[in-house]
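Student: Below: one structure in structure tokens.
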Amino acid sequence: MAVATMRAQGRVLRLLHLASRLALGGLLLWAGLAKVGDLQGMTLSIDSYQILPEWSVRPLAAALPWIEVALGAFLVLGLFVRFSAVASGVLLVGFLIGMAQAKARGLAIDCGCFGAGGPGEGVSWFDILRDVALIGVAGLVLLLPRDPWGLDARMDRLQHGEET
Amino acid sequence: MAERTMTKKERREAARAARLEAQKRARRKRLIRSWGIPLAVIAAIALVAFITTMGDDGGPEVGEVEVSGPARQAALETGEPFPEFSATELEGGEVSWAPGGPSLIAIWAPWCPICQEEIPMIDGLAPDFPEVEMVTVATAVDDRPGPTVSGFAEDEGLSLPIALDDEAGTLARAMGIRGFPTVYLVDAEGAVVAAAEGQVGEEALREALDQLTAG
């Protein structure tokens, strides 16, 4: 009976892991794809936060959407999941710092989370809370037992098969 | 007998060491696969972005300018003569303006979000007002990060002549620019008819141009 309960719990946790990585990966993919190709908009968006040195703004504007797309794709496919969870968490903490300081300084900017930002009505509490929630989801992806439906698990099974 | 026991023990230890070594190798392989490969992918993306945007700046896009009026603190007012000017044109060569017909002069910066909407809109209006001489002046290019003048002009397919201000912003200062974009409408005698700073909007500008050409 206890074994059956533990198995059921394990299954629930794995399903939760799957849901978390798909949700986080899907959101990152969406956010990245919405910004890819809009270098001007991204440059304005990052610059409007007024925290990064000028020389870093354009390279970051070019790289960030692709990094989001790559991490999103990794998570959706279940590939390099632990790395992607950590990297997404770092990225989201960076966004949180940017948004919190913009809110504290009262900057009239758009968060630019899912598209080009720039001038706007200011970062909202919803933007900040959503970011905090996503950091939590990244934590779940990192800490929960890995679901067996991702490419990581399949590769491990293949490798294990080869070894035995 | 003692020799045979030692040999067995040694064999067991050798097998154990080999097993540990194989485990270590497998762990290292897993570490490289799980962390090294994705880290390399992210680093490659960052490197490509850095390299591509490094060449994007293309150096300062500034020109040599001449202008007939002095630097001023405030925008030109209605009735004041608009300063004659000449400057390097974006495509090379020179662009100059002097009174001669109704004119629209728009002063903008490529990083300014409102300019990014207004300048293509003004460019699109030009064919509807062929009797109005339209010139845009790009200035303060390197004040903030943003697209280059040429990159923006190419992306938006701008066709109006673009005069490049110098690094000191001599044209902008002579035109009393306080914000971007600033649009001046000038009559055939060279007097300012209207000035607008910031968002104008297509409807309002059309109306103003109709009035300018009717007068």
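Student: Give the residue, chosen from B:66, B:77, B:21, that is part of a strand (DSSP E or B) and either of a type outside the set (S, T, N, Q) or free of Cβ contacts under 8 Å to residues at least 24 places away in the same chain (or both).
Tutor: Exactly one residue qualifies, and that residue is B:66.
Residues are listed down the side, and each one gets a yes or a no for (1) under 21 Å from the mean Cα position of the chain (by Cα); (2) surrounded by 21 or more Cβ atoms within 10 Å (Cβ to Cβ); (3) not in a loop (DSSP other than H, G, I, E, B):
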position	(1), (2), (3)
B:111	yes, yes, no
B:117	yes, no, yes
B:122	yes, yes, yes
B:137	yes, yes, yes
B:146	yes, yes, no
B:159	yes, no, no
B:167	yes, no, no
B:180	yes, yes, no
B:188	no, no, no
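Student: Residue under question is residue A:60, and the condition is that it be part of a helix (DSSP H, G or I) and in contact with a Ser or Thr (Cβ under 7 Å, 6 or more places away or on another chain); does it hold?
Tutor: no
Student: So how many residues does the range B:125-134 have that are part of a helix (DSSP H, G or I) and surrounded by 15 or more Cβ atoms within 10 Å (Cβ to Cβ)?
Tutor: 2
Student: Condition first: buried (at least 22 other Cβ atoms within 10 Å of the Cβ) and at the interface with chain B (Cβ under 9 Å from one of its Cβ atoms). Now tell me which residues in the range A:71-82 satisfy that.
Tutor: Residues satisfying the conditions are A:71, A:74, A:80, A:81.
Student: Here is a follow-up. Collect the residues in the range A:1-56 that are aliphatic (A, V, I, L, M), modelled with pLDDT under 85 and in contact with a helix residue (DSSP H, G or I) (Cβ under 9 Å, 6 or more places away or on another chain), keeping them in residue-number order.
Tutor: Hits for the range A:1-56 are A:39, A:42, A:44.
Student: Only residues in the range B:201-215 that are part of a helix (DSSP H, G or I) count as the first member; pair them with residues that are small (Gly, Ala, Ser), Cβ under 6 angstrom, at least 6 apart or cross-chain, and list the lot.
Tutor: Pairs found: B:208/B:194.
Student: So which residues in the range A:1-49 are more than 19 Å from residue A:90 (Cβ to Cβ) and charged (D, E, K, R)?
Tutor: The answer is A:7, A:11, A:14, A:38, A:47.
The values are calculated or read from the model by the stated rules, or taken from the named source; none is laboratory data. Small disclaimer: the values here were computed from a predicted structure and weren't measured. We place every Cβ from the backbone using ideal geometry, glycine too, and count neighbours over all the protein chains shown.
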